[in-house]
Every structure is written in structure tokens, then in C-alpha cells.
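Please read the structure below before turning to the comments.
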Amino acid sequence: MAIIDLVSWSPQDNETIFAYKYPETNLSTYTQLIVQESQEAILFSKGQIAGKFGPGKHTLNTENLPILRSLFGLPFGGKNPFTAEVWFINKIQPYNIEWEIDRMDIHDVDYNTGIPLVARGRYGLKIVDAEKFLIKIVGTKNSFSQVDLTDQFFGEFSTKTKSSILQFMITNKIGLKQISAFLDSISEHLKSAMMPFWGNLGFDLSAFYISSIEVDSSNEAGRRVLDAISRQSAQAIGGYSWQQEQAFGMANNAIDNFSNNNSGILGAVIASNMMNGLGGAALGGGLLQPQHNQPSFQNQGAQVPPQNNPIQSDVKEVFCSNCSKKFPCTHSFCPHCGDSYDACPKCGTDNDKTAKRCVSCGTQLKSESTICYSCHSPMNPGVLFCGNCGKQQNENCCTRCNTALSTSVKFCPKCGQKR
């Protein structure tokens, strides 16, 4: 076997190689070792580390490698052969190591049901302790690539990643609807949790990113969840409920079936009867009523008196403008999300606080309403007595906002209402 006088390594392909062992071991003193930028070379002889070399050109002799003298008894001078392994360590920091963790089942706080999740992202590693890296990871291999790294530690990596993500979501009560807003916080949390793991192997976890956490559509359970979320979103946007969708679907099927048999009129009659049965005594009430057609109140401008049992069969229910769930009209706040009940004075529909007109009947809300100066109950414009407390309103007050006015002003300085 020939004696090697020059040792170097230059990666030839696009694959990320973390460590490479020079194929020849029969070296000689005065061998030239060339270490490129972003590399580190480690010399092993008889199972011991004989020396470490940074970027540059190095000569292997007993002056800079005194261990050779004790291992081989090499004298000074002369081109004496000896056996040694030369490992080249790649110190470049890759940021393109992709990862994906699936089968993360969590009880979602937004939908109150179990949802399978999948998470994806990237991370970057840099070798900071070459000796620890070679001894703990590489072993008897001739080279160690990025693929070897991800394959060897996939089990430990996936377990730690999955556990950290789910613990963060459960502890902070983060649901699927808000998860995208917390990707940066979860990434930092996960990086802190993973750094000791990689540090023990000689790596520095320089970067860790989560690009997405979403419903896992690779299995049937995830696809059913996505379909249910899509239907719920369509119902919320369209302003109809699941029961209404089913009723109209049944009616359309009945019409189609009878139309195919040249009995279109009969089909329409039967469909109408089906809708009446599902919607109540008439089409105008109950199930088939549009979601925003909510009950009206007879005592406009007056608060509903408290009842001993507020949830009764004859108490009307309204849809919350914030979460679209039903609650009795006797409540002042939605029991599902805590949003205040801002009733339309004409039809009783719950409207958003910023709404200027009722979403159901179009009645102006803020500009045409006034409040009692005593009990602050809503009143119709121009009334002289409060319908709730009976207090007479001051004629020198603004009819809209009840601001006290002097006799000389013609317009309210607060809201601009004309006297």
C-alpha cells in the first residue's frame, strides 16, 4: 500500500455531509494536511485522538503531534510511515433540515372535540464539539450525512417535538383557530426544549421554525374534521343552521324525485309540507326561519323583568352576534362566549356593539336611540317619561344623548342633535 503524502477533502455533491473519513490510513511524517474553510480535521491513531486541526495547511510530524512518538516511537527527521484515520468535520450551518410530525391528537378548545394535527417546519444544526459528535454519533461509519442524522434520531426527535407542542397548546389553551398566531412562540419554546438534546451530541441548534400546524388530512378522521369545519364556516357566513340545511336538502330531493316522474307540482306541495313540519306551524317561524330573523319584543325600550326561572319553554331565544350560539333573550350576556346582549329595539336581534343598523330588520341603532338620565335604559326619541323607571326627562336635555343644554343652543354640543 502506497504511503499518502497529501490529505484533503472537498464535497462534490449537494448532499450535506457532516463528517467524512479519509479513505487511506497509511500516512507518513511530513504528510501535508489541507483543511478548507468551514472544516475541522481530527486525527485518530490506535483509537486515540492524535490531534485537531483548523482551516489551513498542516504538516503531520512529531513536533505538532507528540503522541506519534509515544505510539510509534518515530524519531525526528525522516519520512517514517504510521497508520492513522483522518476525519473531516463540516462546520457549515445548514438551515434546510425539514421535519414533519403527524398523529398529534389533541382535544381542541375551539371545537370542543378531538382533532388530529400535523406540524411541519425546518431547523439548522452546527457541529460545535467535533470529538463528542464523532464518538457519540458516527461510530464505525465512513461518512455521516444529513439523511443519516434525520433517520437515526427520528424517534427521539418526533417524541420530544410532539410532546412539547401539545403541552404548549394545552397549557396556554390555544385552539386550532388561533394556532397560526402562536407559531413564533411555539418555535421558541420548542427550540429551548430541544437544545439540550442536540447539545449532548455535539451540535448547536442555531435555528428552529414551525411553518404550520393544521388538521392532518392524511387519515379519514382528519378529513371528516375538515369537512365539518368547512360546513360550519359556510353556515356561519350564509346565516343558516345545520337543521335548516338538512331541511332544504330534503325538500330539494323531494322536488327532484317527483320532477323526474312528471309530478313537479305534487313534489313542490310535499316539499312545502315537509318544511312546514320541520319549521313549525308555518314557514315564517321555527327551524326554517333565517338565522338573523330573531324574535321581537312588545315593550320596546324597556328592560325585560327578571324571572324566577329564566329558561322556560315560552322564552324566546336569540343568536349571539359573536359566537352564533343560541341563548334566552332574558340574559344580558351570552352564556357561551360572554359577549353582551345588544338587542335591537324593534326585533330583538343581537347586534355587534359597533353596528349602526340591525342586521335583521335594518333599524338604526345608535343614531336614533336615547337613554334615560336616571336608569340609563334605552328610550325612543322624543319621549318625556322613561318606560322603565317613569322619570320625567328634562326638556332642556338633548333628546338623543340627554346632555343638559342651555336655552340659547340649537344643536347638542356632544352629539350634534338638533333641538
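For region 4-90, the Cβ-based charge dipole about the Cα centre amounts to some 380 debye (Lys, Arg positive; Asp, Glu negative; other atoms uncharged).
Can you give the net charge of the other residues whose Cβ lies under 13 Å from the Cβ of PRO55, counting K and R as +1 and D and E as -1?
Working: positive: LYS52, LYS57, LYS91; negative: GLU37, GLU40.
Spelling it out: positives minus negatives among the neighbours equals +1.
Please state the relative contact order of region 97-221 as a whole percent: Cα pairs under 8 Å, 6+ residues apart?
Working: 165 pairs, mean separation 51.0, N = 125.
Over region 97-221, the number comes to 41 percent.
Evaluating 6.51 cos²θ - 1.76 cosθ + 1.60 at θ = phi - 60° for every residue in region 105-121, the Karplus couplings come out as 8, 9, 7, 6, 7, 7, 9, 6, 7, x, 10, x, 10, 9, 10, 9, x Hz, glycine and proline recorded as x. Annotation: amide H-H contacts under 5 Å for SER377 (H modelled 1.01 Å from N, sequence separation of 5 or more, or interchain): CYS372.
Counting only lysines at least 8 places from LYS414 when in the same chain, those with an alpha carbon closer than 22 Å to its own are LYS353, LYS356, LYS366. The alpha carbons of region 97-221 stretch over 51, 28, 18 Å along the principal axes, in descending order.
Cα convex hull of region 4-90: how many Å³ per residue?
Looking at region 4-90, the number lands at 84 Å³ per residue.
For LYS162, a cut-off of 12 angstrom between C-alpha atoms picks up these aspartates and glutamates, skipping any fewer than 8 places away in its own chain: GLU100, ASP102, ASP105.
Any chance you could run the full-extension gain for ASN322 through ILE237? It's 0.36 nm times the residue separation minus the Cα-Cα distance, nm to one decimal.
Details: separation 85, 0.36 × 85 = 30.60 nm, distance 1.26 nm.
Extra length from ASN322 to ILE237 when fully extended: 29.3 nm.
Under 24 Å of direct C-alpha separation, and excluding same-chain neighbours fewer than eight residues apart, LYS79 reaches these lysines: LYS21, LYS46, LYS52, LYS57. For the pair LYS173 and SER211, a Förster radius of 22 Å applied to the C-beta separation gives a FRET efficiency near 0.45, rounded to the nearest 0.05. Tell me which of PRO66, GLY51, GLN36 sits at the most positive position along the dipole axis of region 4-90, charges placed on C-beta atoms (Lys, Arg +1; Asp, Glu -1). Toward the positive end, the furthest listed residue is PRO66. Across region 158-164, rounded Karplus estimates of 3J(HN,Hα) from the backbone phi angles (6.51 cos²θ - 1.76 cosθ + 1.60, θ = phi - 60°) give 5, 5, 5, 5, 4, 4, 5 Hz, Gly and Pro being marked x.
Which cross-chain or sequence-distant (5 or more) residues have an amide H under 5 Å from the amide H of CYS397, H modelled 1.01 Å from N in plane? Answer set, sorted by chain and number: LEU405.
Every number in this text was worked out from the coordinates using simple rules, so none of it is lab data. Being a predicted model, the structure only gives us computed values, none of them experimental. FYI the Cβ positions are ideal-geometry reconstructions off the backbone, even for glycines, and counts take in every protein chain you see.
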